[in-house]
Amino acid sequence: MKDLESKTSLYSLDLDSLKELMISLGEKSFRAKQIFDDLYKSKNKEIADFRLLPHSLISRLDIDYTVFDFELIKRLVSKDAQTSKYLFMTKDGKFVETVLMKYDYGNTLCVSSQIGCRMGCNFCASTKHGLDRNLKSYEMIEQIAYVQYIENVRISNIVIMGMGEPLDNYDEVIDFIQKIISPMYFNISVRKITLSTCGIAPKIRELADRNLAINLALSLHNPFNEKRREIMPVGAKYSVKELMSALDYYVKKTGRRVTIEYTMISGENDGIEEAKELYSLLRGKLIHVNLIALNEVEGSHKKASSNKNIKAFQDYLNKRGVNATLRKSLGQDIDAACGQLRSKNIAKIELKN
Ligand code: SF4
């Protein structure tokens, strides 16, 4: 029997590839659809659990193929059991983080799109070790399928907001979205998918032109160009003005409301001056502001804003007609902010070496 690393994940094959595989194994091509349904409509970890396949085919598939080529390394559940975080290892030995959040409106999975990130946002643990590699679309699909299997739940909402900048892995992320919304795959509503970007303006326009009508979230974190550049180096390439124009284009093309993600960092971006500037950027636009208290990273001097500052900031915007809500930060007891768990595990491996 081969090791996991040398096997191919069945999730990496589309229906046509599965048909070709069946024919090459001397099987009827309808077996491909049975395998496909077992992958996307059932929750299995082993090929042996596929319901309709003959034993002979299961044994032959088992030699070279596996359901998941990810291995679950760690599963952490928050005290309130609302949030679970998973650390997976890919077959080439890299760590991937995924977070499940159980909201009243459905199970939401925060999916990673890259291993590491090269965007360099200075409040984020995912970028500490730079970009290792892009994830393939099937590796994003595996995150959904694996969590559905572990928890025996259906994931109804997807946020592409985990490790990595999704628009920096554009083609694989688009392929992932197109697959998961298909009734053949997970049949997830396009309106329940949110892509979060740090602001790659030309890619926002490209996404708008695709007319996928997914929800778009922009991590802004500071309305002033100079200050934003200090915390988000991508701001040196695409100014706040360029981003606002790209968002206008997105709204015009898709008719979808855009969300501004704004992490509140004490003394850095939580003053009335910033609230005023944000208001002047956003007034009259089909935009919603999500305020999030910073999820403090171990070893960083940055602290979350006080409740008083958050409230004053929120009130300033709401009173003037710019809709702003405070997002509940789930799972702080399990390092749910992206990259934190992976960073700790990389540090452990570095210590061991
Ligand atoms: S916040 Fe997002 S884009 Fe910025 S470094 Fe972290 S993962 Fe990358």
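The values are calculated or read from the model by the stated rules, or taken from the named source; none is laboratory data. None of the values given here were measured: they were computed from a predicted structure. In this analysis, Cβ positions are derived from the backbone assuming ideal geometry, glycine residues included, and neighbour counts consider all displayed protein chains. In case anyone asks, the SASA skips ligands and DNA or RNA and just uses the protein heavy atoms, side chains included. Shrake-Rupley method; radii C 1.70, N 1.55, O 1.52, S 1.80 Å.
Averaging sequence separations of C-alpha pairs under 8 Å and six or more residues apart, then dividing by the length of region 173-227, give the relative contact order as a whole percent.
Answer for region 173-227 is 33 percent.
Just reorder Leu294, Leu326 by solvent-accessible area, largest first, 1.4 Å probe, all chains present.
Leu326, Leu294
Give me the dipole magnitude in Debye, nearest 20, for the chain about the Cα centre, with unit charges on the beta carbon: positive for Lys and Arg, negative for Asp and Glu.
960 debye
Which ³J(HN,Hα) values, rounded to whole Hz and listed in residue order, are derived for region 309-321 from phi using the Karplus coefficients 6.51, -1.76 and 1.60 in 6.51 cos²θ - 1.76 cosθ + 1.60 with θ = phi - 60°, glycine and proline given as x?
With coefficients 6.51, -1.76 and 1.60, one gets 5, 5, 4, 4, 5, 4, 4, 4, 5, 4, 4, 9, x Hz.
With a ≥ b ≥ c taken as the square roots of the eigenvalues of the C-alpha gyration tensor of region 26-114, please select rounded if a/c is under 1.5 and otherwise prolate if a/b is larger than b/c or oblate if it is not?
Because a/c hits 1.5 or more and a/b exceeds b/c, region 26-114 counts as prolate.
Kindly report the accessible area of the chain per residue (heavy atoms of protein chains, probe 1.4 Å, no ligands, DNA or RNA), in Å².
Using a 1.4 Å probe on heavy atoms only, each residue of the chain averages 45 Å².
Where the centroid of each part is defined by its Cα atoms, how far is region 240-298 from region 148-204 in Å?
Their Cα centres are 21 Å away from one another.
Which net charge results for the neighbourhood of Ser84, defined as the other residues with beta-carbon distances under 9 angstrom from its beta-carbon, given Lys and Arg at +1 and Asp and Glu at -1?
Cβ neighbours under 9 Å give a net charge of +2.
In what order, largest first, do Asp37, Asp92 sit by accessible area if the probe radius is 1.4 Å?
Ranked list, largest accessible area first: Asp92, Asp37.
Report the relative contact order of region 125-250, percent, no decimals, based on alpha-carbon pairs under 8 angstrom and at least 6 residues apart.
Answer for region 125-250 is 21 percent.
Once a ≥ b ≥ c are taken as the square roots of the eigenvalues of the Cα gyration tensor of region 190-274, is the result rounded (a/c under 1.5), prolate (a/b larger than b/c) or oblate (a/b not larger than b/c)?
The shape class here is prolate.
Checking the table Lys227/Lys253; Lys136/Lys227; Lys7/Lys179; Lys179/Lys203 against a 28 Å threshold on Cα-Cα, which pairs fail?
Lys227/Lys253; Lys136/Lys227
Report, in listed order, any pair from Lys33/Lys91; Lys43/Lys302; Lys74/Lys302 with a Cα-Cα distance greater than 31 Å.
Lys43/Lys302
Using a 1.4 Å probe on the protein heavy atoms, what percent of the accessible area of region 89-161 belongs to carbon and sulfur?
48 percent
Let me make sure I get this right: for the chain, a, b and c are the square roots of the gyration tensor eigenvalues over alpha carbons, sorted descending. Under 1.5 in a/c it's rounded, otherwise prolate if a/b > b/c, else oblate. Which is it?
Prolate is the answer for the chain, as a/c is 1.5 or above and a/b outweighs b/c.
Could you state the number of Å between the C-alpha centres of region 80-147 and region 311-326?
31 Å
Counting alpha carbon pairs within less than 8 Å and at least 6 residues apart, what relative contact order, in whole percent, applies to the chain?
For the chain, the relative contact order is 14 percent.
For Ile287, what charge total do you get from the other residues with a beta carbon under 14 Å from its beta carbon, if Lys and Arg give +1 and Asp and Glu give -1?
+4
Looking only at Met232, Met140, Met89, which one moves most when the chain is put into a Gaussian network model with springs between Cα atoms under 10 Å?
Most flexible of the set in this elastic network: Met89.
Note down the net charge around Tyr170, summing +1 for each Lys or Arg and -1 for each Asp or Glu among other residues with Cβ under 11 Å from its Cβ.
-4
With n ≥ 4 as the cut-off for DSSP H runs, can you work out [θ] at 222 nm for the chain, using -39500 (n - 2.57) per run divided by the number of residues, rounded to the nearest 500?
Calculated from helices alone, the mean residue ellipticity at 222 nm is -11000 deg cm²/dmol.
Charges on Cβ only, +1 for Lys and Arg, -1 for Asp and Glu, centred on the Cα centroid of the chain; of Ile141, Ser6, Asn309, which one is farthest towards the dipole's positive end?
Positive-most Cα among the choices belongs to Asn309.
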